[in-house]
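Quick notes on the structure that follows.
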Amino acid sequence: MRTRTQVGIVGGGPAGLLLSHLLALRGIDSILVEIRSREYCEARQRAGVLEDGSVALLRAAGLADRLDRQGLVHGGIYLQFDGQRRHVDFRDLTGGRTVTVYAQTEVVKDLIARRLADGGALEFSVSDTKVTDLDTDRPLLRYTDAAGERHEVVCDAIAGCDGFHGVCRPSIPPGVLSTWERDYPYAWLGILADVPPSTDELIYAHHETGFALHSLRTPAISRLYLQVAPDEDIAAWPDERIWAELARRFELPGWTLQQGPILDKGITPMRSFVSAPMRYGRLFLAGDAAHIVPPTGAKGLNLALADVAALAAALDALLHGDEQAAADYSASCLDRVWRSTHFSWWLTTTLHRTPGADEMETQLQLSQLRYVVSSRAAATSLAENYTGFPVQLTEGRGRGC
Ligand code: PHB
């Protein structure tokens, strides 16, 4: 079946879903296709820290009802090293900036519910997605729907929001993109546990057996991570071993790590990746399709949301005959992308133990951590990067945000 829309969106993660909503606010039609089922998208465990700018964006787009009720506002983090736990006070260091703990899965659920309530075109469980004719002003989105019917959608533009392994980036001809990549020699073993968090704010721990992070989802559910080998077999980590290792890495006199049933566990690889430009003809890449950060610092979701805020404005301009904003889209995102890429790399390499590294590396890491908690300038740099930089909330031509 051959149909027509203004913007074809590939990928039903937070980037694609928010873009379809922002476009709808601007009176722009889109269709969003996703290879996974709705249930899979809503269950996928990812990070859970929103920068102030992301919260402001979701609020301005009318998507923050549940976020405002259930999100947990945090004014700092703890850094643990040298057998001590030190607080970094973001509010004090940045003139009041905070972050909000609210899981990416919840953002996705809110977005899907809103798009469906608004009559948005979302197609889950599609297959054989292809994007072609990208260097014309009528790019094509082809896919097979869940019932097996083949579709060809004639678009004005296509948004590739389909993640690192998606089909959009590889559809750009060879030689167009420059890429920069770093794989880290470790991974994260993450658990979701049915136990109240043992901390009021996140703890990032540097330890001789490896990094650990105590995060949370709700006042009743904890999220914790352990540095493990990149090829680690999850079967080698029964629940008791996970809790014992977490207790060891967070150990502090007078403090106890509360333990409870593990609801979910998984291993996350760690990679930094940037490809540029984020546009080829009428194909625009956003989020993980264009860049990946390691999870330390929780920047991935925030970058994806900032990308699509810029993309909605650029596409609105393009569809009204103004090519300049579309031409500027990539450069307008890449400053933020590189800042977050650097920050995530810095936090990752400062806190993790590199297998085979000598004592020199450990001493350099500890020196840096001591500097962060003793110098206001160094702490402010951490706080500013962690809480993030403002996201531009642009006016739509119609009812936009
Ligand atoms: C999480 O809650 O999943 C999380 C929080 C902070 C990070 C990474 C992940 O730096």
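The values are calculated or read from the model by the stated rules, or taken from the named source; none is laboratory data. What you are looking at is a predicted structure, and each value in this text was computed from that prediction instead of being measured. Positions of Cβ are generated from backbone atoms using ideal geometry, with glycine treated the same way; all protein chains shown enter the neighbour counts.
On the basis of being within 16 Å of the ligand (Cβ to nearest atom), of a type in the set (S, T, N, Q) and assigned to a strand (DSSP E or B), does Thr179 make the cut? In short, no.
Residues checked against (1) touching a Leu at 6+ places or on another chain (Cβ under 7 Å); (2) closer than 25 Å to Gln70 by Cβ:
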| site | (1), (2) |
| --- | --- |
| Glu181 | no, no |
| Leu189 | yes, no |
| Asp194 | yes, yes |
| Glu201 | no, yes |
| Thr209 | no, no |
| His214 | yes, yes |
| Thr218 | no, yes |
| Ile221 | yes, yes |
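The residues in region 186-204 that are in contact with a helix residue (DSSP H, G or I) (Cβ under 8 Å, 6 or more places away or on another chain) and more than 12 Å from the ligand (Cβ to nearest atom) can be counted, and the count is 1.
For Ile77, the requirement of being in a strand (DSSP E or B), β-branched (Val, Ile, Thr), crowded, with 16+ Cβ neighbours inside 10 Å and out of contact with any helix residue (DSSP H, G or I) (no Cβ under 6 Å at 6 or more places or on another chain) is met. Residue check: Pro170 meets all listed conditions (1) part of a strand (DSSP E or B); (2) surrounded by fewer than 17 Cβ atoms within 10 Å (Cβ to Cβ) but one, namely (1).
Identify the residue in region 249-289 that is more than 17 Å from Leu334 (Cα to Cα), of a type in the set (D, E, K, R) and more than 16 Å from the ligand (Cβ to nearest atom) and, among all such residues, is surrounded by the most Cβ atoms within 10 Å (Cβ to Cβ). Ranking the qualifying residues of region 249-289, first place goes to Arg282.
Is it the case, given these coordinates, that Val107 is within 16 Å of the ligand (Cβ to nearest atom) and among the β-branched types (Val, Ile, Thr)? Show your work before the answer.
Details: within 16 Å of the ligand (Cβ to nearest atom): yes; among the β-branched types (Val, Ile, Thr): yes.
Answer is yes for this residue.
Any residue at all in region 136-151 that is in a strand (DSSP E or B), within 16 Å of the ligand (Cβ to nearest atom) and of a type in the set (A, V, I, L, M, F, W, C)? No, region 136-151 has no match at all. Looking only at region 123-133, which residues are touching a Lys or Arg at 6+ places or on another chain (Cβ under 6 Å) and closer than 13 Å to Val153 by Cα? Selection gives Lys130 alone. Can you say whether Ile292 is within 16 Å of the ligand (Cβ to nearest atom) and either modelled with pLDDT under 95 or surrounded by fewer than 20 Cβ atoms within 10 Å (Cβ to Cβ) (or both), as far as the supplied structure shows? Taking the combined requirement at face value, the residue does not satisfy it.
Would you check which residues across region 228-264 are of a type outside the set (Asp, Glu), free of Cβ contacts under 8 Å to residues at least 24 places away in the same chain and part of a loop (DSSP other than H, G, I, E, B) and list them?
Going residue by residue through region 228-264, those that are of a type outside the set (Asp, Glu) are 228-230, 234-238, 241-244, 246-250, 252-263.
This time we only want the ones that are free of Cβ contacts under 8 Å to residues at least 24 places away in the same chain, so: 235-236, 238, 241, 243-244, 247, 253-254.
Within region 228-264, Pro238, Pro253, Gly254 qualify.
Test of understanding: among Leu303, Leu216, Leu246, which residue is within 16 Å of the ligand (Cβ to nearest atom), of a type outside the set (Asp, Glu) and over 30 Å from Ala56 (Cα atoms)?
Working: Leu303 fails: over 30 Å from Ala56 (Cα atoms); Leu216 fails: over 30 Å from Ala56 (Cα atoms).
The match here is Leu246.
Beta carbons closer than 8 Å, at least 6 apart along the sequence or on distinct chains, pair a first residue in region 277-300 that is within 12 Å of Phe164 (Cβ to Cβ) with a second that is away from the ligand (no atom under 16 Å from the Cβ) and basic (Lys, Arg) for Leu285/Arg169; Leu285/Arg279; Ala289/Arg169; Ala290/Arg169.
Among the criteria (1) more than 20 Å from Glu34 (Cβ to Cβ); (2) part of a loop (DSSP other than H, G, I, E, B); (3) of a type in the set (Asp, Glu), the one Asp68 does not fulfil is (2). Looking across region 135-167, the residues that are within 23 Å of Leu303 (Cβ to Cβ) and surrounded by 12 or more Cβ atoms within 10 Å (Cβ to Cβ) come down to Ala157, Ile158, Ala159, Gly160, Cys161, Asp162, Gly163, Phe164, Gly166, Val167.
Is at least one residue of region 20-41 surrounded by fewer than 20 Cβ atoms within 10 Å (Cβ to Cβ), within 16 Å of the ligand (Cβ to nearest atom), of a type outside the set (A, V, I, L, M) and touching a residue at least 40 places away in the same chain (Cβ under 8 Å)? No - not one qualifying residue is present in region 20-41.
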